[in-house]
1. Looking at A165, is it under 24 Å from A92 (Cβ atoms), surrounded by 19 or more Cβ atoms within 10 Å (Cβ to Cβ), of a type in the set (A, V, I, L, M, F, W, C) and without any contact (Cβ under 8 Å) to a residue 24 or more places away in the chain?
2. Which residue is farthest from the chain's Cα centre (by Cα), if the candidates are limited to the range 210-266 and must be closer than 20 Å to A24 by Cβ and not in a helix (DSSP H, G or I)?
3. For the range 287-316, how many residues are free of Cβ contacts under 8 Å to residues at least 60 places away in the same chain and either over 26 Å from A241 (Cα atoms) or aliphatic (A, V, I, L, M) (or both)?
4. Scan (1) crowded, with 24+ Cβ neighbours inside 10 Å; (2) on the phi > 0 side of the Ramachandran plot for the single condition V131 breaks and write down its number.
5. Condition first: touching a residue at least 24 places away in the same chain (Cβ under 8 Å), under 28 Å from Y397 (Cα atoms) and not basic (K, R). Can you find one or more residues in the range 317-328 that meet it?
6. Helices (runs of 4 or more DSSP H) wholly in the range 287-376 with at least 3 residues that are of a type in the set (G, A, S) and surrounded by 21 or more Cβ atoms within 10 Å (Cβ to Cβ) - which ones?
7. Working only within the range 62-119, note down all residues that are surrounded by 17 or more Cβ atoms within 10 Å (Cβ to Cβ), more than 15 Å from A183 (Cβ to Cβ), under 23 Å from the mean Cα position of the chain (by Cα) and among the β-branched types (V, I, T).
Amino acid sequence: MVSAQLTQAVLRAAGLATSVLAIAIVSRAVGPEQYATLAVGITLAGILYALSDSGAYQIGVREMAMGVPSNAGASQIVLARAFLLAPFLILAIVVIVVLSDVGTRSVLLITVASAIPYLGVAFRAVSEAFVRPAIVGFVILSQNLVWLAAVAACATLGLDLTWFAASLFFAVCCQALFAYVTASALDRRESPQPSTARGTKLNWFTLVRQSVPLLISGLATTAYYRGHQVVVYALLPAVAAGSYLAAIRVVDAAAAVIPATITSVMLPRLSKKWGSDTDDARSYYKTTLGVTVLIALTIAIAINLLSDSISRVLLGTSFESGSVLRWLCFSLPGMSVGYISMNALIAIGSQSVGARRMFWSSWFGFAICSGAACISAVSVAIALAATEVMIATVLTYTAFAEFDKSRVPEAGWKLKDESHGEMRS
């Protein structure tokens, strides 16, 4: 476990470095006001990424980990995500065309359109189900490297904001292509032929059906985390909004390393352990949780101490992100623990329970962060950090409660086993 996570952690750390460097290049090239526009486009794209997933990816990894991972199974995840994406993408395009002005419309449309090639990133599921962290890390790193090179070229040539948006679209296409190529190679080399394992029998409609509870909670989560950024853009002055959105991109980059690195190894392994030894699965989750808290809190404290320097070096003096980052960094431990706990619930087939908790917690968080946006960027940062701690606490308590249910001897276990399919739907 440790070596697998260490391998991916190094690769994701490299991805973090390239992502932060790309943010620095873009922010210095376009300034706070234009950066705020691009950041809103990226936020809207992130909303679509999240809604198109809505747990379909994690459920697909879980099912393939319990059987035989395959490219065919990953294709079903792509179809499920496309089905979930379509209505939200159409709605986003209509809203942008109706509400945005001519100067920002092309930037927003291009960044939002990156959700289409992002569907292909689901082929990463094959590498995750086979527990190949190095491959997963390289696939993710490919997008960051391409985007870094593209934004550096745009900045050097003095191109306008539309080209920076196009560079993101191109980078996502590259990651999707790399994910497909690596999945195909693994499929040919690792999967026995022919196979009757359940991992090769994934059906996109079943994935959608099982994802419905997570889709509903995902709407609330997206409204809270991504939606409050749009509220910040609308309510705060341009420089303050740009400073907050730049700071949260730094935290997002860090969050992409910690929980995602751990979860990519934890999810398939916990799924297997849950099917054979529930006590071992609970112990594995508890250990993973402790490691996550230690790493995330250490990084948060480091960012807090270096917040002014990070803002000055990465973003320049035009941004006022230091004071925001000083508080925003403490959302990182909560984000990490919440992500780990939600994926643990998915691994044991209790995503419906976690989705209900997440739904109500997220709407509460959206109200708090949106209200704080009426005051200042720092107030929003404090509200976000507090909300993430609250959500993490709720999900962790829920996860342990679900693990403990499995300890009911014989009759209780048989009842849960017989209703396993219904629980996951």
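FYI, it's all coordinate maths here, none of it is from the lab. As the structure is a computational prediction, the values presented were derived from the model and not from experiment. Here the Cβ is made from the backbone with ideal geometry for all residues, glycine too, and neighbour counts use every protein chain on show.
1. On the way: under 24 Å from A92 (Cβ atoms): yes; surrounded by 19 or more Cβ atoms within 10 Å (Cβ to Cβ): yes; of a type in the set (A, V, I, L, M, F, W, C): yes; without any contact (Cβ under 8 Å) to a residue 24 or more places away in the chain: no.
Spelling it out, it is not the case that A165 is under 24 Å from A92 (Cβ atoms), surrounded by 19 or more Cβ atoms within 10 Å (Cβ to Cβ), of a type in the set (A, V, I, L, M, F, W, C) and without any contact (Cβ under 8 Å) to a residue 24 or more places away in the chain.
2. Taking the range 210-266 and keeping what is closer than 20 Å to A24 by Cβ, we get 229, 238-257.
Now restrict to residues that are not in a helix (DSSP H, G or I): 256-257.
On the way: A256: 7, V257: 10 Å.
The residue in question is V257.
3. The initial filter retains those residues of the range 287-316 that are free of Cβ contacts under 8 Å to residues at least 60 places away in the same chain, namely 287-288, 290-309, 312.
Filter again for either over 26 Å from A241 (Cα atoms) or aliphatic (A, V, I, L, M) (or both), leaving 287-288, 290-303, 305-306.
Residues meeting the conditions: 18.
4. (1)
5. Checked the range 317-328: at least one residue is touching a residue at least 24 places away in the same chain (Cβ under 8 Å), under 28 Å from Y397 (Cα atoms) and not basic (K, R).
6. Values: elements: 307-315, 322-328, 331-347, 351-372.
So the answer is 331-347, 351-372.
7. Those that are surrounded by 17 or more Cβ atoms within 10 Å (Cβ to Cβ), more than 15 Å from A183 (Cβ to Cβ), under 23 Å from the mean Cα position of the chain (by Cα) and among the β-branched types (V, I, T): V107, I110, T111, V112, I116.
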